[in-house]
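Note sheet for the following structure.
The values are calculated or read from the model by the stated rules, or taken from the named source; none is laboratory data. All figures in this text were calculated on a predicted structure; none of them were measured in a lab. Positions of Cβ are backbone-derived with ideal geometry, glycine not excepted, and every protein chain shown enters the neighbour counts. Accessible surface is based on the protein model in full, side chains and every heavy atom, while ligands, DNA and RNA are left aside. Shrake-Rupley method; radii C 1.70, N 1.55, O 1.52, S 1.80 Å.
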Amino acid sequence: MRTIPTEATRPARPKAMLGMSGGVDSSVASFLLQQSGYDVIGLHLVTHDAGWAAAEDARIVSGKLGHELVVLDVRAMFR
């Protein structure tokens, strides 16, 4: 008899945190990680005032790929 795995018995997928610039390279890396079986969490650091546009690009990509995105405002650390 074969059992069907449930959430409780299914092995956890490996997780990966990936720096997301909002550009092509990090977007493709995120996609490839997901295709390889990883749960991806994106991370975008806003290091200057103009960085919010890139954060929006990263948010759009993360939304389309269906993974979480953490945006941290670290401008004060970079002053």
If you check every pair at least six apart or on different chains, which have Cβ atoms under 7 Å apart with a residue in the stretch 37-63 that is assigned to a strand (DSSP E or B) first and a residue that is open to solvent by 30 Å² or more (accessible area, probe 1.4 Å) and of a type in the set (D, E, K, R) second? Asp39/Arg13; Asp39/Lys15; Ile41/Lys15; Ile41/Glu68; Gly42/Glu68; Val46/Asp73; Val46/Arg75
Quick check on my filter: what residues within the stretch 25-49 are modelled with pLDDT of 95 or more and open to solvent by 100 Å² or more (accessible area, probe 1.4 Å)? Asp25, Gln35
With the structure loaded, tell me whether Gly22 is part of a loop (DSSP other than H, G, I, E, B) and either open to solvent by less than 70 Å² (accessible area, probe 1.4 Å) or modelled with pLDDT of 95 or more (or both) or whether it fails that test. yes
Test: Leu72 is open to solvent by 30 Å² or more (accessible area, probe 1.4 Å) and outside any helix (DSSP H, G or I): yes
